[in-house]
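The values are calculated or read from the model by the stated rules, or taken from the named source; none is laboratory data. Source: prediction; values computed, not measured. Ideal geometry is used to build each Cβ from the backbone, glycine not excepted, and the neighbour counts take in all protein chains shown.
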2 protein chains.
Amino acid sequence: GHVATGQERHYGNCTGLGHYPGADASLCGMAATGASGTNAVRYGAMRPNVLNLRVVLPDGRLLHTAGPGRHPRKRAAGYDLTSLFVGSEGTLGFLTQATLRLHPLPEASAVTIASFPSVGAAVACTVQVLQAAVPVARIEFLDEVMADACSRFSEMELPVAATLLLELHGSQRSLAEQQQQTEEIVHQNGGSSVAWAEGQEERERLWSMRHNAWYAALALRPGCQGYSTDVCVPISRLPDVVVETKQDLQASNITGPMVGHVGDGNFHCILVFNSQDPEEAQRIHAFTERLGRRALAAGGTCTGEHGVGLGKRALLQEELGPEGLDTLRSIKAALDPHNLMNPGKVL
Amino acid sequence: GHVATGQERHYGNCTGLGHYPGADASLCGMAATGASGTNAVRYGAMRPNVLNLRVVLPDGRLLHTAGPGRHPRKRAAGYDLTSLFVGSEGTLGFLTQATLRLHPLPEASAVTIASFPSVGAAVACTVQVLQAAVPVARIEFLDEVMADACSRFSEMELPVAATLLLELHGSQRSLAEQQQQTEEIVHQNGGSSVAWAEGQEERERLWSMRHNAWYAALALRPGCQGYSTDVCVPISRLPDVVVETKQDLQASNITGPMVGHVGDGNFHCILVFNSQDPEEAQRIHAFTERLGRRALAAGGTCTGEHGVGLGKRALLQEELGPEGLDTLRSIKAALDPHNLMNPGKVL
């Protein structure tokens, strides 16, 4: 069991090397936060992959959100309680069991790293890969600051450039076609990519670079603290929002490499700052508020996967408006009338 | 705008020929019932394809479930109100606008019809196609009664046998591979299939047979009434549940051809009966209760896509148990305290 709060990371100095933040999440914690990650673009975030949850209700009773022992692929029987508890951040009940949908392992996988002349080109490439209906399994963006930090941290000798990590899944034959389509779109956007890694060890080596992004970011300013925030916007607005955010980071003199699940329109800034410096901490705070509002202005959300927790309650109000917030509050009051479950979070 | 009730069909005699039941549904009606259909196995039912809903709340205010004007692909900002209102059958609010996720049109499509020596073989083939990770776009089952009725109604000369309609989507090259994989699995299960239809006109001719299933069923007993019910079970339990249901139909002397979105574990019986005969109407009612309970006993749901409406309220209680039902009632009471919205439905 796991009562999750918002996942926004605010760790101390980099001491737990080799352990990727998030990799130790429990399945019920991931369900409670509505988590997602690199594979979500193809396989979905937690919500569509949870078929049932066992929940300890505030009065101590056990609820099975789809009924005890049930796991059909789809249901039209009453309100979707499973989707309500996924992403509820522990504020409606305590999740103690999750029934998940499984996906077949792909016959073959291939990974490449592509470097682009600009952030805009990398993001435009992402949009075009999706529009071409390439069933991409993962498509991860790193801005040139993040690519450089990861490259040095993992000793990879990547170009200092806006970068995409792309993974394809399929049969051997369909993989060849996807690779060709992907390469064409990369080249059309002025990008160049390394040879496809198909063996497991080589693929894992490329992904370990991405998975160490947090530590690579912290290593940019030894002794400083990291704070990872996320937003998510409609894909069509992603290039503008990413470019504006980069300009904001530069104008604000903030170390904040960008990394993102751009296939979903979702990206992070890993903000590295001296928490002993009140002026810098204030600058970081002001930047995250602007980032959230920029996502909202683009028709997006203040959080695509980290959750609201304590830090984004004001942004949530702006995102939903009074009718939405009143509806959330009515649900919270109905299911947890004594405000026992993770009080103060989200609402 | 559209306040939907349960979609269970209980039409009069077959008079509106040429108009497939359900084909005139509004998008908000489909959202309100959590509808799905033949494409759901690949593209999902309504819920994962709705990004935002505009809802008239019982007090007259307008709620945008994902916030006004927002449509990111994923969100972790507060409870998932969109998924709550999808499938709420008009009991929480009145849906007046839906923002939907779109999928690229496939480059190429191909359809075949496969005939099998038994119902069990056809359903086993379905399970194996999914397990082999063939990204099947539609996989529809017709039992031999339905296949025969459709064949005669649409003048197709199909074998009187358990039948699958299979549609594949992809690039030309990936289609060839999917076709080969599919044919292998069909043959391994003792099935034989017709040549793949790839042109639009020919594909539509095959699907029109399926889309006329309702009228083909009614034509089995002219002057009688039709009632279509649905259940959904975990795929692994589907062969047993389908075979038991066929035996039940025969033992109960009911005309009830079976047709189903078997890739989701979801199937229908189109029950054709003389509504003037109280004994027969009672037999139909008892059969639908047994069908619902059989699905529940197999870890499934009493409805995969038709909804609860009035007719399945008792089954919903058995499906969810008291904790689940109390939770639904708490939500209903919180959001519609005066019970104004579609009163008496679902709960």
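Checking the structure you have, find out if any residue of the stretch A:331-338 is over 19 Å from A:TYR79 (Cα atoms) and either free of Cβ contacts under 8 Å to residues at least 12 places away in the same chain or surrounded by fewer than 21 Cβ atoms within 10 Å (Cβ to Cβ) (or both). Yes, because at least one residue in the stretch A:331-338 is over 19 Å from A:TYR79 (Cα atoms) and either free of Cβ contacts under 8 Å to residues at least 12 places away in the same chain or surrounded by fewer than 21 Cβ atoms within 10 Å (Cβ to Cβ) (or both).
Annotation: B:ASN274 fulfils all but one of (1) surrounded by 19 or more Cβ atoms within 10 Å (Cβ to Cβ); (2) in contact with a Cys (Cβ under 7 Å, 6 or more places away or on another chain); (3) more than 14 Å from every other protein chain (Cβ to nearest Cβ); the unmet one is (1). Scanning the stretch A:85-105 for residues that are surrounded by fewer than 24 Cβ atoms within 10 Å (Cβ to Cβ) and within 7 Å of another protein chain (Cβ to nearest Cβ) gives a single hit, A:PRO104. Being in contact with an Asp or Glu (Cβ under 9 Å, 6 or more places away or on another chain) and without any contact (Cβ under 8 Å) to a residue 24 or more places away in the chain holds for only one residue in B:LEU310, B:LEU291, B:LEU315, B:LEU296, and it is B:LEU296. In the stretch A:55-65, the qualifying residues are those that are within 9 Å of chain B (Cβ to nearest Cβ) and outside any strand (DSSP E or B), and the one that is nearest to B:GLY324 (Cα to Cα) is A:THR65. Please go through the stretch B:278-324 and pick out each residue that is more than 30 Å from A:GLY60 (Cα to Cα) and of a type in the set (A, V, I, L, M). Of everything in the stretch B:278-324, those that are more than 30 Å from A:GLY60 (Cα to Cα) and of a type in the set (A, V, I, L, M) turn out to be B:ALA281, B:ILE284, B:ALA286, B:LEU291, B:LEU310. Can you tell me which residues in the stretch B:187-216 are within 23 Å of the chain's Cα centre (by Cα) and of a type in the set (A, V, I, L, M)? Within the stretch B:187-216, B:LEU206, B:MET209, B:ALA213, B:ALA216 qualify. When A:ALA281, A:ALA333 are screened for being within 8 Å of chain B (Cβ to nearest Cβ) and more than 21 Å from the chain's Cα centre (by Cα), only A:ALA333 passes. Looking across the stretch B:284-314, not a single residue is of a type in the set (S, T, N, Q), within 14 Å of chain A (Cβ to nearest Cβ) and either in a helix (DSSP H, G or I) or surrounded by fewer than 17 Cβ atoms within 10 Å (Cβ to Cβ) (or both). Residue-level check: of (1) within 27 Å of the chain's Cα centre (by Cα); (2) at the interface with chain B (Cβ under 8 Å from one of its Cβ atoms), A:ASN52 misses just (2). Scanning the stretch A:112-155 for residues that are within 14 Å of another protein chain (Cβ to nearest Cβ) and either more than 14 Å from A:GLN179 (Cα to Cα) or not in a strand (DSSP E or B) (or both) turns up A:THR126, A:VAL127, A:GLN128, A:VAL129, A:LEU130, A:GLN131, A:ALA132, A:ALA133, A:VAL134, A:PRO135, A:VAL136, A:ALA137. Scanning the stretch B:157-170 for residues that are modelled with pLDDT of 95 or more and not in a loop (DSSP other than H, G, I, E, B) yields B:ALA162, B:THR163, B:LEU164, B:LEU165, B:LEU166, B:GLU167, B:LEU168, B:HIS169. Among the residues of the stretch A:66-111, those that are in a loop (DSSP other than H, G, I, E, B), of a type in the set (A, V, I, L, M, F, W, C) and more than 21 Å from the chain's Cα centre (by Cα) comprise A:ALA66, A:ALA76, A:ALA77, A:LEU92, A:LEU105.
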